[in-house]
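Attaching a single structure in C-alpha cells format; questions to follow.
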Amino acid sequence: MKRVLVTGTAGFIGFHLAKLLLSEGFQVHGYDGMTDYYDVTLKQRRHQMLLQTPGFTATEDLLENHDRLMQVADEFQPEIIVHLAAQAGVRYSLENPRSYIDSNVVGTFNVMEVARQHKVDHLLMASTSSVYGANEEMPFTEVEKADTQLTIYAATKKANEAMGHSYAHLWDLPTTMFRFFTVYGTWGRPDLALYKFVDAILDGRPIDIYNHGDMYRDFTNVDDLVRGIRLLVDVPPVRPASADEIEDGDSLSPVAPYRVVNIGNGDKVRLMDFVEAIEAAVGKEAIRNYMPMQMGDVPATWANTDLLQRLTGYRPQTDFKDGIAEFVDWFRDYHGK
Ligand SMILES: NC(=O)c1ccc[n+]([C@@H]2O[C@H](COP(=O)([O-])OP(=O)(O)OC[C@H]3O[C@@H](n4cnc5c(N)ncnc54)[C@H](O)[C@@H]3O)[C@@H](O)[C@H]2O)c1
C-alpha cells in the first residue's frame, strides 16, 4: 500500500485522516510540531492513539525545520503528501499574525520543496473557506474570483494556493488544494465554537454569540471531510493540453496540474439553530451573551460541493444535529463531565 506523509497528525483533521488511511492499510508518517496554540495534551492523546496502530510512525518537529522535514522524507520516501499542519484560527490571526507567516507561508514552502524533490504522485494541501473573504455570491464556487481576504490567516492560505499553483506549473507536481468549511466533530479543537459552547453550557457559563446570532456556517462533519480528502487522493489533477478541455465548473488550471476543491456540507446552518441543537444534545439551556460582529469575521459561508461530487462521486451529508450529538457524547466521555 502507498506511503503517505501527513503533516498535522496531532491536530484535529490530521488525526482523523490518519486513522482513516491506516484503516485502509496505507502506511502513514505523521509530522507535527505540537504547537501550544491549544491544549498540547489533547494533541499528545491523539498521537498516542495513532501510534498504537500498525503502519503509523511520527516525527515531532516544526515545518520551519526544513532539514528535519527533508530527512524524514528521505527516510520514509512518501508517494503522497497531505499537508494539513498550519497555524489555524481566524480570530487568533489578529493577535499573533507572525505565527501564520512562519507556519503557513514558510512551513508550506518547505513541504512543497520536499514534494518537488521527491517527485510525489500527488500533493494535497489545506486551504480554507476564509479565502472567499468578502465574496457575497453564495454558495461559494471554486471558479469564482477570491481576492478579498479579510484576515492574515486567510491571506496566508490564499498565498499557499498561489505558491502551490506555481510549483504545480514549474515542476509538473499534481497538486490539489482543499477549501474546508467549518469542520466539527469528535476530538475537535478547543478554540472552535462547538467545543467552547458545550464546555460553557455544562459549566453554567455564558456563551458569546457574535453578530447577535445573525450568522450562518456550512458546518462539515470531520468524518465526512476526511472521506472527501481520502477520495481526492486518487484524483490527481492532470495538466490539460488546452483550456478548451476544462469542463464548466472545474477549477483545473489551464497551465498546470492544479485544482482547488471545496469540501463542505453544501448547506448553510443558522448559528441559533446550531446553538439549539447543542442545548438539545446537552439537555441544558445556554446562557446567551449576544455580541457584535468580530473584526475579520464574515456573516456567512456556504459551499458549492458539485466539483467534489463530480470528481469523487461523494458529497458530505451528515445532519448537524446528529454530528453535534456525537460530539457531545465524546466530550462528556473525554472530560468525564
Ligand atoms: N478545522 C476547521 O474548521 C478548518 C477550516 C478550514 C481550514 N482548516 C485547515 O485545515 C488544517 C487542519 O486544521 P485543524 O482543524 O486540524 O487544526 P489543528 O490546529 O487541530 O491542527 C494543526 C496541527 O498542525 C500543527 N502545527 C501548527 N503549526 C505547525 C508548524 N509550524 N510546524 C509543525 N506543525 C505545526 C499543530 O501542532 C496541530 O497539531 C489547517 O491547515 C487549517 O488551516 C481547518
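Every read-out reported here was derived from the displayed coordinates using simple, explicitly stated rules and does not represent laboratory data. Because the structure is predicted, anything quoted here is derived from the model rather than measured. Don't worry about glycine lacking a Cβ; one is built from the backbone with ideal geometry, like all the others, and counts go over all protein chains shown.
What distance in nm lies between label points placed 7 Å from Cα along the C-beta direction at Lys337 and Arg91?
Roughly 1.5 nm, to one decimal.
Let me know the shape class of region 29-118, please: from the alpha-carbon gyration tensor, a ≥ b ≥ c as square roots of the eigenvalues, rounded when a/c is under 1.5, otherwise prolate if a/b is greater than b/c, or oblate.
Numbers: a/c = 2.43, a/b = 1.19, b/c = 2.04.
It comes out oblate by the Cα gyration axes.
Next question, about the same structure. Determine which residues of region 218-260 fall in the zone a paramagnetic label at Tyr314 would reach in this model, i.e. backbone nitrogen under 11 Å from the point 7 Å along Cα→Cβ.
Residues passing the 11 Å test: 223-235.
Report, in whole Å, the centroid distance computed from the Cα atoms of region 73-132 and region 164-225.
Computed from Cα coordinates, the inter-centre distance equals 17 Å.
Whole-Hz ³J(HN,Hα) for each residue in region 80-86, computed from phi via Karplus 6.51 cos²θ - 1.76 cosθ + 1.60 with θ = phi - 60°, x for glycine and proline: what do you get?
These are the phi-based 3J(HN,Hα) values: 10, 10, 10, 9, 10, 4, 5 Hz.
When only DSSP loop residues count, what trypsin sites (Lys or Arg not before Pro) in region 83-121 have their Cβ near at most 15 other Cβ atoms within 10 Å? Each step should come with its number before you reach the end.
Values: sites: Arg91, Arg98, Arg116, Lys119; in loops: Arg91, Lys119.
Answer in residue order: Arg91, Lys119.
How large is ³J(HN,Hα), in whole Hz, for each residue of region 208-221 in order, when computed from phi with the Karplus curve 6.51 cos²θ - 1.76 cosθ + 1.60 and θ = phi - 60°, using x for Gly and Pro?
8, 10, 7, 6, 6, x, 7, 9, 9, 9, 8, 6, 10, 5
Helix hunt in the chain: which complete DSSP H runs extend at least 27 Å axially by C-alpha with mean Kyte-Doolittle at least 1.6?
Values: long enough: 152-171 (28 Å, -0.37).
Flagged H segments: there are none.
Under a straight-distance cross-link criterion of Cα-Cα below 18 Å, which lysines are reachable from Lys196, leaving out those fewer than 8 residues away in the same chain?
Cross-link targets: Lys43, Lys284, Lys321, Lys337.
If you don't mind, another one. Which length gain, in nm to one decimal place, applies between Asp67 and Lys145 when the Cα-Cα distance is subtracted from 0.36 nm times their residue separation?
Numbers: separation 78, 0.36 × 78 = 28.08 nm, distance 3.62 nm.
Between Asp67 and Lys145, full extension yields 24.5 nm more.
Report, in debye and to the nearest 20, how large the dipole of the chain comes out about its Cα centre when Lys and Arg carry +1 and Asp and Glu carry -1 on their Cβ. Write out the running numbers ahead of the final one.
Working: 32 positive and 48 negative charges, 102 e Å.
Approximately 480 debye in magnitude.
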